[in-house]
Amino acid sequence: MADIGRALGRLRFNERAALVMREVEGRSYGEIAEILALPAGEIETLIFRARRTLREELEGALTCHQAERAISLRFDGRLDRAGRRALRRHLRECPECAGLARSQRAQRSALRSLADVRLPSSLESFPAPATP
């Protein structure tokens, strides 16, 4: 339900108003046209665009679980452009996932700084593990 509210919030005012009046209130195109002071012919187009935009917003939305996986893929450089766009949108709206992304970035930075730390001499004699 919160996803629908967020997606509705991204619609332009007239699109959101027309869609709510039609779908929630059950108003006719004529009534909507009168309320919004628009020609009746524009209302059908307005509602069509609002429905399409709403569908696209909802289909592109990530769950927190999907966002967590996308964060990992992004750090590995394996997240495609559409995935990065969906992740950015999710992180703007979800403080918990945004915090997770920040902590993952900090951990990654800390691990990279370990590359500068010299291994103890007792460990230098062990062969490096084979990478698959």
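The values are calculated or read from the model by the stated rules, or taken from the named source; none is laboratory data. From a predicted model like this one, the values you see are computed outputs, not experimental measurements. Because the Cβ atoms are built from the backbone with ideal geometry, glycine has one as well, and the counts that use them run over all protein chains shown. Just so you know, the surface numbers come from the protein's heavy atoms only, side chains and all, with ligands and any DNA or RNA stripped out. Shrake-Rupley method; radii C 1.70, N 1.55, O 1.52, S 1.80 Å.
Across 5 Å bins from 0, what is the distribution of all Cα-Cα pair distances for the chain, in whole percents?
P(r) for the chain, in whole percents per bin: 2, 9, 14, 13, 10, 9, 9, 8, 7, 5, 3, 3, 2, 2, 2, 1, 0.
Keeping the other protein chains in place, figure out the carbon and sulfur percent of the accessible area of the chain, with a 1.4 Å probe.
Ligands and nucleic acids excluded, carbon and sulfur reach 54 percent.
Determine the dipole magnitude for the chain: charges of +1 sit on the beta-carbon of Lys and Arg, -1 on that of Asp and Glu, nothing else is charged, the reference point is the Cα centre, and the result goes in debye to the nearest 20.
The calculation lands at about 560 debye.
May I ask you to compute the full-extension gain from Leu36 to Phe48, defined as 0.36 nm times their residue separation minus their alpha-carbon distance, rounded to one decimal in nm?
Answer, rounded to one decimal: 2.7 nm.
Of the candidates Ser121, Ser109, Ser72, which one comes out as most mobile in a Gaussian network treatment of the chain with C-alpha springs shorter than 10 Å?
Largest GNM mean-square fluctuation: Ser121.
Let me check I've understood the local charge: for Val24, count other residues with C-beta under 15 angstrom from its C-beta, Lys and Arg +1, Asp and Glu -1. What total comes out?
Around Val24, the surrounding residues sum to 0.
Just going by the charge dipole of segment 51-132, with Lys and Arg at +1 and Asp and Glu at -1 on Cβ, which of Leu119, Leu79, Gln107 is farthest out on the positive end?
In segment 51-132, that residue is Leu79.
Write out the GluC sites (Glu not before Pro) in segment 1-75 meeting two conditions: DSSP loop, and at most 13 other Cβ atoms within 10 Å of their Cβ.
Here the sparse-neighbourhood loop sites are Glu25.
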